[in-house]
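The values are calculated or read from the model by the stated rules, or taken from the named source; none is laboratory data. Here the structure is a predicted model, which is why all the values come from computation and not from measurement. For neighbour counting, all protein chains shown are included, and Cβ atoms are generated from backbone atoms with ideal geometry for every residue, glycine included.
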């Protein structure tokens, strides 16, 4: 469900992110998401269980995963488009599996390992081979240096992995996921505010926020951040961290039919093959359970 949320939100995100710039778009997105999450957290009352140590850890996770990671992801999307940035971000599954083994002692083995390899490989194939030869949509163009875009995508993936895994022990205590998301979002937004206040030109919006931009940004915040990131925290409470990351990496496969609706063209044969591999890998992992 988190992966589906991120897939849907990427269609809302691309136009305002390109118009406003990665930093301004992320800042507005976090502001909307914080308002939504705190409304839910205050209504639910789960914020009362937060202590200073939890707030500190959640804040660090928010700065790494949301302030740095999300901003890098949208800077990558602005350069490479949602399809290619998606395959780079999908590498967070491999980063997460490795880090979960090194620091949490979680080991994926047997059929679950085979299924994980098929799933991640299928995602990569679906995105890399998902473009038809005659595709000329504006989102497929490279803006700026390709190497810089690739680097931004990998930074975003690594930050996502680190920020999520550091919360695994905390979420296992049963802390309220909505309140945890609220704290992460607010402290990441505060970091963005400090960057803007510093006067750095790159933090400023490229264009003024229009009503249509605000609507798309609000929808992206509601679906990806308020819903998707909270679902990931719930998943971390109940599941193995590496497998949670691997399942959440299927966003690019789920994005294919959505891009089909935008492009009005069927994805290429390689995209279908990659999707079949991803589904097969998912089945193997679930069979292991």
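Things to note:
- Search result, residues across the stretch 237-284 that are free of Cβ contacts under 8 Å to residues at least 12 places away in the same chain, closer than 22 Å to residue 13 by Cα and either surrounded by 15 or more Cβ atoms within 10 Å (Cβ to Cβ) or within 19 Å of the chain's Cα centre (by Cα) (or both): 257
- Among residues of the stretch 1-20 that are modelled with pLDDT of 85 or more, those with a beta-carbon under 7 Å from a residue that is outside any helix (DSSP H, G or I) at least six positions away or on a different chain give the pairs 3/250; 19/206; 19/207; 20/205; 20/206; 20/207; 20/209.
- Close pairs (9 angstrom Cβ cut-off, 6 or more residues apart or separate chains): within 13 Å of residue 71 (Cβ to Cβ) in the stretch 199-210, in a loop (DSSP other than H, G, I, E, B) anywhere: 202/21; 203/21
- Which numbered condition residue 40 fails, given (1) over 12 Å from residue 180 (Cα atoms); (2) touching a residue at least 40 places away in the same chain (Cβ under 8 Å): (1)
- Whether a residue is farther than 23 Å from residue 249 by Cβ, under 18 Å from the mean Cα position of the chain (by Cα) and at pLDDT 85 or above was assessed, and residue 24 passes this test.
- Qualifying residue in the stretch 103-116 (condition: farther than 17 Å from residue 247 by Cβ and assigned to a helix (DSSP H, G or I)): yes
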